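Reading through the structure tokens given below for one structure.
The values are calculated or read from the model by the stated rules, or taken from the named source; none is laboratory data. Everything numeric here is computed off the predicted structure, so don't read it as measured data. Backbone-built Cβ (ideal geometry, glycine too); neighbour counts: all protein chains shown.
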Amino acid sequence: MIKIYGIKNCDSVKKALSFFKKHNLKYELQDFKTDKVGYEKISDWLLHVEMKTLFNSRSTTYRTLNLKELDPDDNAKTELLCKENLLIKRPVIEFNNKVLVGYNETEYIKELL
């Protein structure tokens, strides 16, 4: 089963869900706002993708927390991702021991179809 992590009202998540429905791919959605992910899950993702891929430095939360000026290192970023799941770039897709981050239709076609 493919698992999608994100928030329902995120445009990138909406595009991913539309792709999955269009191609009849079964998935389960975990919404960060109602069911947060913790350190173990985030650490697992970081075994598959780089911090710069997972950490959303363009998010409202990033700006609100003034993180550009604080310039956290990767350890601090991991802690921030655990406390503030909205700093995670969306969607995060898990399948077959792989992790995809963000919406990229070309990558989805290559990896999922």
Next on the checklist: I'd like to verify a number: residues in the range 37-64 that are at pLDDT 95 or above, surrounded by 15 or more Cβ atoms within 10 Å (Cβ to Cβ) and part of a loop (DSSP other than H, G, I, E, B), how many?
Outcome noted: 5
Checklist entry - Among K98, K110, K68, which is in contact with a helix residue (DSSP H, G or I) (Cβ under 8 Å, 6 or more places away or on another chain), exposed (fewer than 11 other Cβ atoms within 10 Å of the Cβ) and of a type in the set (K, R)? => result K68
Checklist entry - From the set of residues in the range 1-36 that are hydroxyl-bearing (S, T, Y) and part of a helix (DSSP H, G or I), which is nearest to the chain's Cα centre (by Cα)? => result S12
Checklist entry - Among all residue pairs at least 6 apart or on different chains, which show Cβ distances below 6 Å where the first residue, located in the range 87-110, is within 17 Å of K26 (Cβ to Cβ) and part of a helix (DSSP H, G or I) and the second is modelled with pLDDT of 95 or more and not aliphatic (A, V, I, L, M)? => result Y108/F19
